[in-house]
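Trainee: I am attaching a structure below and will ask some questions about it afterwards.
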Amino acid sequence: APIRKDNTTLRYTLSVYLKTPPQRLDLLLHLGGRFFWVDCYSNYYSSSTYRHIHCNSSVCYPFDAVGCGYCSGPPPSPTCSNDSCLYSPENPLILKVGLEDALVDALGLPSTDGSSAGRVEVVPNFLFSCARPDLLAEFPNGTSGLAALGFSNASLPAQVAKARSLPWCFALCLSGSRSAAGVTFVGTVGPYNFLPGIDLSKNLSYTPILLNPHGDTFVVYAPKPAAEYYVNVTAIKINGKAVPLNATLLAIDQKSGHGGTLISTLVPYTTVQTSIYGAVARAFAREASAAFNLTATQPVKPFGLCYSARHVNITRAGPAVPAIDLVMHGEDAVWRLFGANSMVRIQRNGTDAWCLGFVDGGAGFRAAILMGGHQMEDNLLQFDLGKMRLGFSSSVLVRGTTCANFNFTTGNHA
């Protein structure tokens, strides 16, 4: 399915097909979302294949329902039915929740051989929640709900994998282009072929996926862990040199849920705890000066370290600046951020600068490191939940391709 970046909110949308006859829906991509939800009110939900889930159904409470609903309003409709399973759809941007009917309906996704998009295949009983339009606040324009890819048996990857007897695995490749789509693959560990014939499933590095017992959601689904994905960053190196950090912040505190490294598609730039930000910015400035002869200029909010674009050379992997290495559980598992992912171009009000694309989240920030969308663009990330591991490519630009280079046209009958 294609992933597009919204140039206003800097968040990402995923396009799928839902209902009979099929209708394309653009949804906010939430990597840590627990379940899929759709606005059923704005344009009256109409489909010949939808149905409610009765409260005694085997999929009601095991799939994160929060109650049983009864409706005294008009005749049964998608938003009103007696003895109906209820969900609490949540807007993760403003932590607003609702209480709405759960439905099942036909979900469609283009099939793929790993090289191009094929015919749309249908998952006939896909479970999701209705939601009211006010839950779309701060979502990209044109979106009608939320596509949840989190660790949950009600998420998009989990339901597709179970329905089609596929691996519980999905891959994201967010495009760094403002005009071209990236892609997600669901239910396959590869191949992931991008023009000009490069399989990005090859030569991935792997690190364990970690789960946090405490989620950053309004509704608590205890004793289940949060649906968000963490990884074990143990050290940060800049230009090959270790950055002095408080290592205790890099681990998840099992009592409070604070600390650790969370991967999120909801924030545009990596946001870090204050002490980590200060250490990284100082080390980066020192190495940029010593190795690249760069002198910092006036910073541009929300960033704290910027350089005049006139003095920064450009390479295939973006601006020529010190590489930032996120060292995982071992020295052989290193997620390297080249300039295309570590720096952000700012061109406004007479300013033309490259800024370090990290944001200070404050001393009490929940995650020590919150990896944002910009740092993931043109990197392939494979979430293999059967093996509970993350495969990561680092920048695919150095391999001569981009995340916009998947062929969506050949054989696509959607």
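The values are calculated or read from the model by the stated rules, or taken from the named source; none is laboratory data. The structure presented is a predicted model; accordingly, all values stated were derived computationally and were not measured. Here the Cβ positions follow ideal geometry from the backbone for every residue, glycine too, while neighbour counts run over all protein chains shown. To get the accessible areas, we keep the full protein, side chains included, count just its heavy atoms, and leave off ligands, DNA and RNA. Shrake-Rupley method; radii C 1.70, N 1.55, O 1.52, S 1.80 Å.
Trainee: Search region 315-333 for residues that are over 24 Å from Arg282 (Cα atoms) and pair each with any residue that is open to solvent by less than 20 Å² (accessible area, probe 1.4 Å) and part of a strand (DSSP E or B) when their beta-carbon atoms are under 8 Å apart and the residues are at least 6 apart or on different chains.
Mentor: Note: pairs meeting the criteria are His329/Thr207; Ala333/Thr207; Ala333/Val327.
Trainee: I've got another one for you. Six or more apart or on different chains, Cβ under 8 Å: which pairs go from a residue in region 288-311 that's outside the structural domain of Thr271 (by the TED database) to one that's open to solvent by less than 60 Å² (accessible area, probe 1.4 Å)? Could you list them?
Mentor: From region 288-311, no pairs qualify.
Trainee: Okay, next question. Does any residue of region 321-344 turn out to be among the hydroxyl-bearing types (Ser, Thr, Tyr), within 19 Å of the chain's Cα centre (by Cα), open to solvent by 10 Å² or more (accessible area, probe 1.4 Å) and on the phi < 0 side of the Ramachandran plot?
Mentor: Checked region 321-344: no residue is among the hydroxyl-bearing types (Ser, Thr, Tyr), within 19 Å of the chain's Cα centre (by Cα), open to solvent by 10 Å² or more (accessible area, probe 1.4 Å) and on the phi < 0 side of the Ramachandran plot.
Trainee: Right, next: Here is a check on your reading of the model: is Ala117 modelled with pLDDT under 95, surrounded by 22 or more Cβ atoms within 10 Å (Cβ to Cβ), within 25 Å of Ala404 (Cα to Cα) and of a type in the set (A, V, I, L, M, F, W, C)?
Mentor: When the stated conditions are applied, Ala117 passes them.
Condition check ((1) among the aliphatic types (A, V, I, L, M); (2) part of a strand (DSSP E or B); (3) within 19 Å of Ser48 (Cβ to Cβ)) across all residues:
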position: Leu86; (1), (2), (3): yes, yes, no
position: Ala106; (1), (2), (3): yes, yes, yes
position: Arg119; (1), (2), (3): no, yes, no
position: Phe128; (1), (2), (3): no, yes, yes
position: Leu135; (1), (2), (3): yes, no, no
position: Phe139; (1), (2), (3): no, no, no
position: Gly142; (1), (2), (3): no, no, no
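Results for (1) touching a Pro at 6+ places or on another chain (Cβ under 6 Å); (2) closer than 30 Å to Tyr41 by Cα; (3) touching a residue at least 24 places away in the same chain (Cβ under 8 Å), shown as yes or no for each residue.
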| position | (1), (2), (3) |
| --- | --- |
| Val123 | no, yes, yes |
| Arg132 | no, yes, yes |
| Phe139 | no, yes, yes |
| Trp168 | no, no, yes |
| Ala181 | yes, yes, yes |
| Ile198 | no, no, yes |
| Lys202 | no, no, no |
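Trainee: I'd like the residue in region 20-39 that is hydrophobic (A, V, I, L, M, F, W, C) and within 30 Å of His214 (Cα to Cα) and, out of all such residues, is surrounded by the fewest Cβ atoms within 10 Å (Cβ to Cβ).
Mentor: Checked region 20-39; the qualifying residue surrounded by the fewest Cβ atoms within 10 Å (Cβ to Cβ) is Val38.
Trainee: If you don't mind, there's one more thing I want to ask. Of all residues in region 38-59, how many are polar (S, T, N, Q) and out of contact with any strand residue (DSSP E or B) (no Cβ under 7 Å at 6 or more places or on another chain)?
Mentor: 6
Trainee: Let me spell it out: the conditions are (1) touching an Asp or Glu at 6+ places or on another chain (Cβ under 8 Å); (2) within 28 Å of Val220 (Cα to Cα); (3) in a strand (DSSP E or B), and Gly32 meets all of them except one. Which number is the exception?
Mentor: So the condition that Gly32 fails would be (3).
Trainee: Kindly check whether there is at least one residue in region 351-361 that is open to solvent by 10 Å² or more (accessible area, probe 1.4 Å), farther than 27 Å from Gly257 by Cα and not acidic (Asp, Glu).
Mentor: Taking every residue of region 351-361 in turn, at least one turns out to be open to solvent by 10 Å² or more (accessible area, probe 1.4 Å), farther than 27 Å from Gly257 by Cα and not acidic (Asp, Glu).
Trainee: Name the one entry in Val189, Val280, Val267, Val219 that is in contact (Cβ under 8 Å) with a residue 60 or more places away in the chain, outside the structural domain of Gln159 (by the TED database), among the hydrophobic types (A, V, I, L, M, F, W, C) and not in a loop (DSSP other than H, G, I, E, B).
Mentor: Val280
Trainee: Separate question: Could you grab me the full set of residues in region 317-343 that are of a type in the set (Val, Ile, Thr) and over 13 Å from Ser394 (Cβ atoms)?
Mentor: So in region 317-343, the residues of a type in the set (Val, Ile, Thr) come out as 321, 324, 327, 334.
Val321, the sole residue that qualifies.
Trainee: Now for a different question. For Ser47, are the conditions met, namely being in contact (Cβ under 8 Å) with a residue 40 or more places away in the chain, assigned to a loop (DSSP other than H, G, I, E, B) and farther than 26 Å from Glu121 by Cα?
Mentor: Considered against the rule, which asks whether it is in contact (Cβ under 8 Å) with a residue 40 or more places away in the chain, assigned to a loop (DSSP other than H, G, I, E, B) and farther than 26 Å from Glu121 by Cα, Ser47 comes out as no.
Trainee: Here's a follow-up. I need the full set of residues from region 208-244 which are open to solvent by 30 Å² or more (accessible area, probe 1.4 Å), of a type in the set (Ser, Thr, Tyr), at pLDDT 95 or above and touching a Gly at 6+ places or on another chain (Cβ under 8 Å), in order please.
Mentor: None - no residue of region 208-244 is open to solvent by 30 Å² or more (accessible area, probe 1.4 Å), of a type in the set (Ser, Thr, Tyr), at pLDDT 95 or above and touching a Gly at 6+ places or on another chain (Cβ under 8 Å), so the list stays empty.
Trainee: If you don't mind, there's one more thing I want to ask. Could you check Leu390 against (1) surrounded by fewer than 22 Cβ atoms within 10 Å (Cβ to Cβ); (2) touching a residue at least 12 places away in the same chain (Cβ under 8 Å); (3) under 21 Å from the mean Cα position of the chain (by Cα) and say which number it fails?
Mentor: Result: Leu390 fails condition (1) only.
Trainee: Give region 167-178 a look and list any residue that's open to solvent by 10 Å² or more (accessible area, probe 1.4 Å) and either modelled with pLDDT of 95 or more or under 19 Å from Ser393 (Cβ atoms) (or both), or say none.
Mentor: Initial filter on region 167-178 (open to solvent by 10 Å² or more (accessible area, probe 1.4 Å)): 167-168, 176-178.
Across region 167-178, the qualifying residues are Pro167, Trp168, Gly176, Ser177.
Trainee: Here's another thing I want to ask about it. What is the one condition in (1) open to solvent by 60 Å² or more (accessible area, probe 1.4 Å); (2) over 28 Å from Trp354 (Cα atoms); (3) of a type in the set (Ser, Thr, Tyr) that Ser205 does not satisfy?
Mentor: Of (1) open to solvent by 60 Å² or more (accessible area, probe 1.4 Å); (2) over 28 Å from Trp354 (Cα atoms); (3) of a type in the set (Ser, Thr, Tyr), only one is false for Ser205: (1).
Trainee: Identify, by number, the condition in (1) on the phi > 0 side of the Ramachandran plot; (2) open to solvent by 40 Å² or more (accessible area, probe 1.4 Å) that Gly260 doesn't meet.
Mentor: Against the list (1) on the phi > 0 side of the Ramachandran plot; (2) open to solvent by 40 Å² or more (accessible area, probe 1.4 Å), Gly260 comes up short only on (2).
Trainee: For residues that are surrounded by fewer than 21 Cβ atoms within 10 Å (Cβ to Cβ) and farther than 21 Å from Leu381 by Cβ, tally how many sit in region 154-164.
Mentor: Final tally of qualifying residues: 3.
Conditions (1) at pLDDT 95 or above; (2) open to solvent by 10 Å² or more (accessible area, probe 1.4 Å), marked per residue:
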{"site": "Val272", "(1), (2)": "yes, no"}
{"site": "Thr295", "(1), (2)": "yes, yes"}
{"site": "Cys306", "(1), (2)": "yes, no"}
{"site": "Arg366", "(1), (2)": "no, yes"}
{"site": "Leu370", "(1), (2)": "yes, yes"}
